[in-house]
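Asks: Let me give you the structure first, and then I'll get to my questions.
The values are calculated or read from the model by the stated rules, or taken from the named source; none is laboratory data. Computed from a predicted model, the values in this text were never measured in an experiment. Neighbour counts are summed over all protein chains in view; Cβ atoms, including those assigned to glycine, are modelled from backbone coordinates with ideal geometry. SASA here: full protein model, heavy atoms, side chains in, ligands and nucleic acids out. Shrake-Rupley method; radii C 1.70, N 1.55, O 1.52, S 1.80 Å.
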Amino acid sequence: MQEWEKALAEAVRLLHNARYVVALVGAGLSQESGIPTFRGPGGLWTRYGEPPMDGYQRFLRDPRAYWEEQLRQETAGPRAELMQAIAQARPNPGHLALVDLERRGVLKCTITQNVDNLHREAGSQRLIEIHGNRTLLRCISCGLRLPRKEFVVREIPPHCPECGGIIKGDGVMFGEPIPKEWLEACYAETARCDCMLLIGTSGTVYPAAGFPQIVKMRGGSLIEFNPLETHLTPLCDVVVRASAAVALPRLVQMLSAEG
Ligand code: APR
């Protein structure tokens, strides 16, 4: 039995004793769907450099320039690479394992930092997309979310059909406040959580990286699924040093074997 499988056996014990399990998911879960991570080996920011931290402020200053970039079909650079990868991506066994855990009643909620829509495609129901969803647009005034595919851009910048506010991509930009109701939902889930699965996240970006710390401070347990060490590793009770696409299905197998 490999090291990570021994860790999984310990994870199963923690899950049996837990009452409210929540998953915090990052880009690493989608890595085996062909979507690059942001940090670490091969990450987008590792290769292209971190983007400016004031993207949202730039958008507010010039929404027209933002939309002109959105409508330009770039072929190179981090945004083009990410969009091309997401367009071809499908849920992997890690996404499907989370759906299985949810259907078994083991997993109560998934908080994902990923905007790639793969959790919805896989069938996750109890899902909070804390950084938004790239298949949607959002009004920055009333918060209305619209499917990007069905929206016809008749003016730049486009305005909300409900309130006339300016519309942008649903994805939360650097410098953009996370919509209040999303954040409140995350803190509510975190407050109920006594065991958090940290799946494919470097634990770098707040407020998401703060949720595991809250769970730990309240006496809960943390289980990390990541081939590499992260900022959150020192807080974890169990560390499964493997790809989430391999370890999560194995976790489901071990839980099923116990009946
Ligand atoms: N299985 C599990 N974890 C993996 C895998 C895998 N197959 N491959 C890579 N990882 C891990 C990496 O080791 C790393 O710790 O996934 C993590 C990805 O970290 P980041 O690229 O920092 O992604 P994330 O934590 O989701 O970033 C948070 O930062 O740029 C913003 O908005 C962006 O939502 C993103 C946020």
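Asks: Just name the residue that is farthest from GLY34 (Cα to Cα) out of those in segment 129-144 that are in contact with a helix residue (DSSP H, G or I) (Cβ under 8 Å, 6 or more places away or on another chain), within 13 Å of the ligand (Cβ to nearest atom) and open to solvent by less than 30 Å² (accessible area, probe 1.4 Å).
Replies: Among residues in segment 129-144 that are in contact with a helix residue (DSSP H, G or I) (Cβ under 8 Å, 6 or more places away or on another chain), within 13 Å of the ligand (Cβ to nearest atom) and open to solvent by less than 30 Å² (accessible area, probe 1.4 Å), the one farthest from GLY34 (Cα to Cα) is ILE130.
Asks: Considering only segment 84-102, how many residues are surrounded by fewer than 16 Cβ atoms within 10 Å (Cβ to Cβ), assigned to a helix (DSSP H, G or I) and in contact (Cβ under 8 Å) with a residue 12 or more places away in the chain? Reasoning before the result, please.
Replies: We begin by selecting, within segment 84-102, every residue surrounded by fewer than 16 Cβ atoms within 10 Å (Cβ to Cβ); these are 84, 87-88, 90.
Narrowing further to those that are assigned to a helix (DSSP H, G or I): 84, 87-88.
Checking which are in contact (Cβ under 8 Å) with a residue 12 or more places away in the chain leaves us with 88.
Matching residues across segment 84-102 total 1.
Asks: Related question: Could you check how many residues of segment 229-259 are among the charged types (D, E, K, R) and farther than 17 Å from THR201 by Cβ? Before the answer, list the steps.
Replies: Of segment 229-259, the ones among the charged types (D, E, K, R) are 229, 237, 241, 250, 258.
Next, from what is left, pick out any that are farther than 17 Å from THR201 by Cβ: 250, 258.
Summing the residues that are among the charged types (D, E, K, R) and farther than 17 Å from THR201 by Cβ in segment 229-259 gives 2.
Asks: So, one more: Could you tell me which residue of segment 163-187 is least open to solvent (accessible area, probe 1.4 Å), considering only residues that are farther than 17 Å from ARG134 by Cα and in a helix (DSSP H, G or I)?
Replies: Only one residue fits best here, namely CYS186.
Asks: Would you please name the residue that is surrounded by the most Cβ atoms within 10 Å (Cβ to Cβ), looking only at residues in segment 23-43 that are more than 8 Å from the ligand (Cβ to nearest atom) and among the polar types (S, T, N, Q)?
Replies: The selected residue is SER30.
Asks: Hey, another quick one. Please state which of the following conditions ARG61 fails to meet, knowing it meets all the rest: (1) more than 30 Å from SER221 (Cα to Cα); (2) within 13 Å of the ligand (Cβ to nearest atom); (3) out of contact with any Phe, Trp or Tyr (no Cβ under 9 Å at 6 or more places or on another chain).
Replies: With respect to (1) more than 30 Å from SER221 (Cα to Cα); (2) within 13 Å of the ligand (Cβ to nearest atom); (3) out of contact with any Phe, Trp or Tyr (no Cβ under 9 Å at 6 or more places or on another chain), ARG61 is out only on (2).
Asks: Say we look at segment 215-232 and pick out the residues that are outside any loop (DSSP other than H, G, I, E, B) and without any contact (Cβ under 8 Å) to a residue 24 or more places away in the chain; which of these is least open to solvent (accessible area, probe 1.4 Å)? Break it down stepwise before answering.
Replies: As a first pass, look at segment 215-232 and keep what is outside any loop (DSSP other than H, G, I, E, B): 215-217, 221-225.
Then keep just the ones that are without any contact (Cβ under 8 Å) to a residue 24 or more places away in the chain; that gives 216-217.
Values: LYS216: 64, MET217: 155 Å².
Result: LYS216.
Asks: For segment 21-58, which residues satisfy the criterion of being among the polar types (S, T, N, Q) and in contact (Cβ under 8 Å) with a residue 24 or more places away in the chain? Reasoning before the result, please.
Replies: Taking segment 21-58 first, the residues among the polar types (S, T, N, Q) are 30-31, 33, 37, 46, 57.
Of everything in segment 21-58, those that are among the polar types (S, T, N, Q) and in contact (Cβ under 8 Å) with a residue 24 or more places away in the chain turn out to be SER30, GLN31, SER33, THR37, GLN57.
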